[in-house]
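Nothing in this text is a laboratory measurement; each read-out follows from the coordinates by a stated rule. If you're wondering where the values come from, they're calculated on a predicted model, not measured in any experiment. Note: ideal-geometry Cβ built from the backbone for every residue, glycine included; neighbour counts use all protein chains shown.
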Amino acid sequence: MRILASVFAFSLLAAAAAEAHVTVAPRESTLGSNQVYTVRVPAESGATTSQTVLEIPDGVVVSRVKAGGGFKFDVKREDDRIVQITWTMDVHPGSYAEFQFIARNPEEGTELTWKALALHPDGTSTDWVNPRGEPRPASVTSLVAAAG
């Protein structure tokens, strides 16, 4: 019984840890299409998240970033393309924020890897940049061909 309780407690902690990271939705999109992407940012490990930095994958062309909602955003450009978006907003423990942008997907490829950093007021960060299966994985959107 003790072992069962320990396994149950561990699975709850693992599930909570798995959910407590920066994600980008949708999980699947169409090659070459325009897509509204939503970035969900929870407070990490009981600490406030004050800024969220999202790297825009190669081939993705951001056309608009949604404003309002009590946050500020800045973009970093290389040539004329947005390569990074930084949202500034205090996301306190027990809460989350969502940010949106519109982008055109690349014409080729199988997936988009969204690397993100959650910055905390004490100067530390939680980096969601690793491949699937490793600690702190980046969010991934699978790309599929257009129907027809």
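Side notes on the structure shown:
- Whole-Hz ³J(HN,Hα) from phi, Karplus 6.51 cos²θ - 1.76 cosθ + 1.60, for the stretch 24-41, glycine and proline x: 10, 10, x, 7, 9, 8, 9, 3, x, 9, 7, 9, 8, 9, 10, 9, 9, 10
- Taking a ≥ b ≥ c as the square roots of the eigenvalues of the alpha-carbon gyration tensor, the chain is classed oblate because a/c is 1.5 or more while a/b is no larger than b/c.
- Sorted peptide list for 140-146, 54-60, criterion being average Cβ within 10 angstrom, highest first: 54-60, 140-146
- The stretch 103-145-the stretch 76-101 distance, computed between alpha-carbon centres (Å): 13
- At full extension, GLN100 and SER33 could sit 22.5 nm farther apart than now, given 0.36 nm per residue minus the alpha carbon distance.
- In plain terms, the chain from SER125 to ARG64 could stretch by 19.3 nm, reckoned as 0.36 nm per residue minus the Cα-Cα distance.
- In this structure, the amide hydrogen of ALA43, modeled 1.01 Å from its nitrogen in the peptide plane, lies closer than 5 angstrom to those of GLY94, SER95, counting only residues at least 5 positions away or on a different chain.
- Evaluated with a Cβ-only charge set (Lys, Arg +1; Asp, Glu -1), the stretch 21-144 carries a dipole of roughly 300 debye about its Cα centre, given to the nearest 20.
- Each stretch of four or more DSSP H residues adds -39500 (n - 2.57); spread over every residue of the chain, this sum gives -4000 deg cm²/dmol at 222 nm.
- Whole-Hz ³J(HN,Hα) from phi, Karplus 6.51 cos²θ - 1.76 cosθ + 1.60, for the stretch 79-96, glycine and proline x: 6, 10, 9, 6, 10, 7, 10, 10, 9, 10, 5, 7, 10, 7, x, x, 9, 8
- FRET efficiency, 1/(1 + (r/R0)^6) with R0 35 Å, evaluated for GLU111 and ASP79 via beta carbons: 0.90
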